[in-house]
Amino acid sequence: MMGPAHSLSGAAAWLGVGAATAAAGHPMPWPVLVVGALICAGAALAPDLDHKSATISRAFGPLSKGVCEVVDKISYAVYKGTRSKKDARRTGGHRTLTHTWLWAVLIGGGASLLAVTADRWGVLALLFVHLVLAVEGLLWRAARMSSDVLVWLLGATSAWILAGVLDQPGNGANWLFTGTGQEYLWLGLPIVLGALVHDIGDALTVSGCPVLWPLPIAGKRWYPIGPPKAMRFRAGSWVELKVLMPVFILLGGFGGASALGFI
């Protein structure tokens, strides 16, 4: 799928988690719901670090373009070094390493580790990166019409404000993990969820997605998971733009309203 659809699906997924926790009698504090949805929206773009033309490659100017080129080469090297005889030959690393459950878990775990070890600055860094990505994904038209500097300023200002809100007692710094020194450990969860939602979205397209790597399936180590081919669509097609994106908006709105107790 394209960047905007990925971000919308990520935000809707976290709002759905908020609805589920509320239904279970453990509602999220509203700052956790809002911040988690924004982080998840941004994290849903991150697996495309292996694609130098993706939305994420434009988010931080030359820096993100350079990172995408490096990740593409690393992903391609991993693919070549681990593929089985039945796996197809490739010329690039897109939809390989960064589109797996293992990558999602590792990147989310690394984010949680940064949040608890680097204290406030680690939290601010995570918020800044993912809020910039969320703006690029959710407000793609406005982001492309404005300068990168304005988007970065918006991300930095929002990160500072939201970190201050979360720091207030009862607002979610220690949501889910209440032990001493475990503040903000939960920040890795929307990052894992965003990456997995991205992979599921890509699995619905024509090429599928090797989300279960390195587990072998049908003799392939990079088996492209997906529904029957007749049910798949091309990225950017009318199915994505006219059907899936409106569905994500409706589901996100319903999930948010349920999580906040309005339904």
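Could you count how many residues in the stretch 173-187 are part of a helix (DSSP H, G or I) and buried (at least 24 other Cβ atoms within 10 Å of the Cβ)?
Matching residues across the stretch 173-187 total 1.
Tell me yes or no: at least one residue of the stretch 132-142 is of a type in the set (Phe, Trp, Tyr), out of contact with any strand residue (DSSP E or B) (no Cβ under 7 Å at 6 or more places or on another chain), under 30 Å from Gly92 (Cα atoms) and surrounded by 15 or more Cβ atoms within 10 Å (Cβ to Cβ).
yes
Return only the number of the condition from (1) surrounded by fewer than 22 Cβ atoms within 10 Å (Cβ to Cβ); (2) within 22 Å of Val35 (Cα to Cα) that Gly194 does not satisfy.
(1)
Return a yes/no flag: does the stretch 143-152 have any residue that is open to solvent by less than 60 Å² (accessible area, probe 1.4 Å), closer than 20 Å to Ala5 by Cα and assigned to a helix (DSSP H, G or I).
So far as the stretch 143-152 goes, yes, one or more of its residues are open to solvent by less than 60 Å² (accessible area, probe 1.4 Å), closer than 20 Å to Ala5 by Cα and assigned to a helix (DSSP H, G or I).
The conditions are (1) touching a residue at least 24 places away in the same chain (Cβ under 8 Å); (2) closer than 25 Å to His26 by Cα; (3) surrounded by 15 or more Cβ atoms within 10 Å (Cβ to Cβ); (4) not hydroxyl-bearing (Ser, Thr, Tyr), and Asp202 fails exactly one of them. Which is it?
The failed condition is (2).
For the list (1) touching a residue at least 60 places away in the same chain (Cβ under 8 Å); (2) open to solvent by less than 60 Å² (accessible area, probe 1.4 Å); (3) over 19 Å from Leu45 (Cα atoms); (4) outside any loop (DSSP other than H, G, I, E, B), I need the number of the one condition that Phe254 fails.
For Phe254, the exception is condition (2).
Given the structure, is Arg89 open to solvent by 30 Å² or more (accessible area, probe 1.4 Å), assigned to a loop (DSSP other than H, G, I, E, B) and at positive phi?
Criteria not met by Arg89.
Sort out which residues of the stretch 167-200 are at pLDDT below 95 and within 17 Å of the chain's Cα centre (by Cα), and write them in order of number.
None; the set is empty.
Within the group Lys220, Lys242, which residue is within 26 Å of Leu49 (Cβ to Cβ), open to solvent by 50 Å² or more (accessible area, probe 1.4 Å) and basic (Lys, Arg)?
Testing whether each residue is within 26 Å of Leu49 (Cβ to Cβ), open to solvent by 50 Å² or more (accessible area, probe 1.4 Å) and basic (Lys, Arg) leaves just Lys220.
Within the group Pro228, Pro214, which residue is over 14 Å from His6 (Cα atoms), open to solvent by 30 Å² or more (accessible area, probe 1.4 Å) and without any contact (Cβ under 8 Å) to a residue 12 or more places away in the chain?
Only one candidate qualifies: Pro228.
The values are calculated or read from the model by the stated rules, or taken from the named source; none is laboratory data. Please read all numbers here as calculations on a predicted model, not as lab measurements. Cβ: placed from backbone, ideal geometry, glycine included. Neighbour counts: every protein chain shown. Accessible surface is based on the protein model in full, side chains and every heavy atom, while ligands, DNA and RNA are left aside. Shrake-Rupley method; radii C 1.70, N 1.55, O 1.52, S 1.80 Å.
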